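Worksheet: the structure to be examined is printed underneath.
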There are 2 protein chains.
Amino acid sequence: MTFENDKKNFLTKQDKSKKGSIDTRVKPLLNIINSSLQYYTTSSCSGRVYFWQGTGKKNEMKWVTVSHELITSAFFNLPPIPGTVWLRFEPFILHVCCHDISSAHTFLNLARTIFKKSALVAMGKKYLVEVRGSEFLEMPFLQEGKLVFSGDLSWLKNWINSQLEQNWEKMKKFEKEIEKES
Amino acid sequence: MTFENDKKNFLTKQDKSKKGSIDTRVKPLLNIINSSLQYYTTSSCSGRVYFWQGTGKKNEMKWVTVSHELITSAFFNLPPIPGTVWLRFEPFILHVCCHDISSAHTFLNLARTIFKKSALVAMGKKYLVEVRGSEFLEMPFLQEGKLVFSGDLSWLKNWINSQLEQNWEKMKKFEKEIEKES
């Protein structure tokens, strides 16, 4: 009963993400997955864009500002922060704990039809499948308070928003594929 | 004998990468892995920086220029190309085909002590572990022939070179870890 207990414990504990809550966009997908006996979700993000400072390693970075929704040009208005401020876009990501290697295999195969970068990131004690989009953006944006992107900010805004929208579409498609299988 | 035959066939066939040859920096690591009965390498890159155009999807991009070595400022001198030219840094990546799920598990556990983003990317017919670094850069660099990075190019050059060097250090460390285990 270990998997079933782990699932129960995990799904009732508090959200520990920086955001502190599950975004509503990804909830239908999570509900479908969690309704299956073979699977439960442990973390997810439907895609986000943010400014950060630091080394880039998980515990050595400070978020300046973040958006999980389409941005407007106002998103780019930052105070004159010293050092380098990076702009990052991260695609949809989802971690799914699977009952065994066989169910992990099934889930991974399904995920890879839409999200090619999906993979099994842990096995043994737990079988954890990571589903994720392929698109990234990682660019220096501000240095010593000065903007270092001299291109068109509208273009950049539109590019980011198109990535977010593509992400959401693929997420919806994935939701439908999982619904078909379950 | 399928695994053994696959290994023999794979290691004798011609290199199909864009580069057309295995970079010398990664060869010692590949040799150690390939000397084990349980594993063979199917592709690798010790890290690279390049300019590209297109959608970003694998078959919808054209490389403008690439370096697998430390760059000088001359690397940034591009002709006035129309459209958007992106600058990308990709870290060390390695694909290892494993004899079975158990050997894949062993290799993955070892890889993850140094390269946290490593994962099993295929299972079933083949067990393929992907080992990869975490650092990325993906930024618009030229638009309609105009430079859109208005920061210090020396800073950018140094940042890229430090990523390459960190990559190589981790690769060497990984090589030593594998040597210890084999």
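Somewhere in the stretch A:119-128, is a residue in contact (Cβ under 8 Å) with a residue 24 or more places away in the chain, more than 9 Å from chain B (Cβ to nearest Cβ) and either out of contact with any helix residue (DSSP H, G or I) (no Cβ under 7 Å at 6 or more places or on another chain) or of a type in the set (D, E, K, R) (or both)? If you could, list the steps in order and put the result at the bottom.
At the first step, the residues of the stretch A:119-128 found to be in contact (Cβ under 8 Å) with a residue 24 or more places away in the chain are A:121, A:126-128.
Subsequent filtering for residues that are more than 9 Å from chain B (Cβ to nearest Cβ) retains A:126-128.
Right, trim to either out of contact with any helix residue (DSSP H, G or I) (no Cβ under 7 Å at 6 or more places or on another chain) or of a type in the set (D, E, K, R) (or both) and you get A:126, A:128.
Yes - at least one qualifying residue is present in the stretch A:119-128.
Any residue at all in the stretch B:52-61 that's modelled with pLDDT of 95 or more and either within 14 Å of chain A (Cβ to nearest Cβ) or under 20 Å from the mean Cα position of the chain (by Cα) (or both)? Walk me through how you get there before you give the answer.
If we filter the stretch B:52-61 for residues that are modelled with pLDDT of 95 or more, which is where we start, we get B:52-53.
Then drop every residue that is not either within 14 Å of chain A (Cβ to nearest Cβ) or under 20 Å from the mean Cα position of the chain (by Cα) (or both), which leaves B:52-53.
Scanning the stretch B:52-61, I find at least one residue that is modelled with pLDDT of 95 or more and either within 14 Å of chain A (Cβ to nearest Cβ) or under 20 Å from the mean Cα position of the chain (by Cα) (or both), so the answer is yes.
Would you mind stating whether B:E135 is more than 23 Å from A:E144 (Cα to Cα) and of a type in the set (D, E)?
Numbers: more than 23 Å from A:E144 (Cα to Cα): no; of a type in the set (D, E): yes.
The answer is no for B:E135.
Hey, B:R112 hits all of (1) farther than 18 Å from A:I101 by Cβ; (2) more than 8 Å from chain A (Cβ to nearest Cβ); (3) under 18 Å from the mean Cα position of the chain (by Cα); (4) surrounded by fewer than 18 Cβ atoms within 10 Å (Cβ to Cβ) but one; which does it fall short on?
(1)
Taking into account only those residues within the stretch B:134-162 that are modelled with pLDDT of 95 or more and under 25 Å from A:K117 (Cα atoms), which is nearest to the other protein chains (Cβ to nearest Cβ)?
Once the filter is applied, the top-ranked residue is B:M139.
Regarding A:G145, is this residue free of Cβ contacts under 8 Å to residues at least 24 places away in the same chain and at positive phi?
Working: free of Cβ contacts under 8 Å to residues at least 24 places away in the same chain: no; at positive phi: yes.
Against the criterion (free of Cβ contacts under 8 Å to residues at least 24 places away in the same chain and at positive phi), A:G145 does not qualify.
Given the condition of a type in the set (A, V, I, L, M), at pLDDT 95 or above and in contact with a Cys (Cβ under 9 Å, 6 or more places away or on another chain), answer yes or no: does some residue in the stretch A:70-90 qualify?
There is no residue in the stretch A:70-90 that is of a type in the set (A, V, I, L, M), at pLDDT 95 or above and in contact with a Cys (Cβ under 9 Å, 6 or more places away or on another chain).
Residue by residue through the stretch A:160-180, note down the ones that are surrounded by fewer than 18 Cβ atoms within 10 Å (Cβ to Cβ), touching a residue at least 12 places away in the same chain (Cβ under 8 Å) and closer than 30 Å to B:L147 by Cβ.
Selection gives A:N161, A:E165, A:Q166.
Hey, could you check the stretch A:98-108 for residues that are more than 8 Å from chain B (Cβ to nearest Cβ) and of a type outside the set (G, A, S) and say which is farthest from A:L30 (Cα to Cα)?
The selected residue is A:D100.
Does any residue of the stretch B:37-49 turn out to be modelled with pLDDT of 95 or more, in contact with a strand residue (DSSP E or B) (Cβ under 9 Å, 6 or more places away or on another chain) and within 14 Å of another protein chain (Cβ to nearest Cβ)?
Yes - at least one qualifying residue is present in the stretch B:37-49.
Would you say A:F174 is within 13 Å of chain B (Cβ to nearest Cβ) and not in a strand (DSSP E or B)?
On the way: within 13 Å of chain B (Cβ to nearest Cβ): no; not in a strand (DSSP E or B): yes.
Judged against the criteria, A:F174 is not a match.
The values are calculated or read from the model by the stated rules, or taken from the named source; none is laboratory data. The structure displayed is predicted, hence computed values, not measured ones. Please note: Cβ atoms are built from the backbone with ideal geometry, for glycine as well, and neighbour counts cover all protein chains shown.
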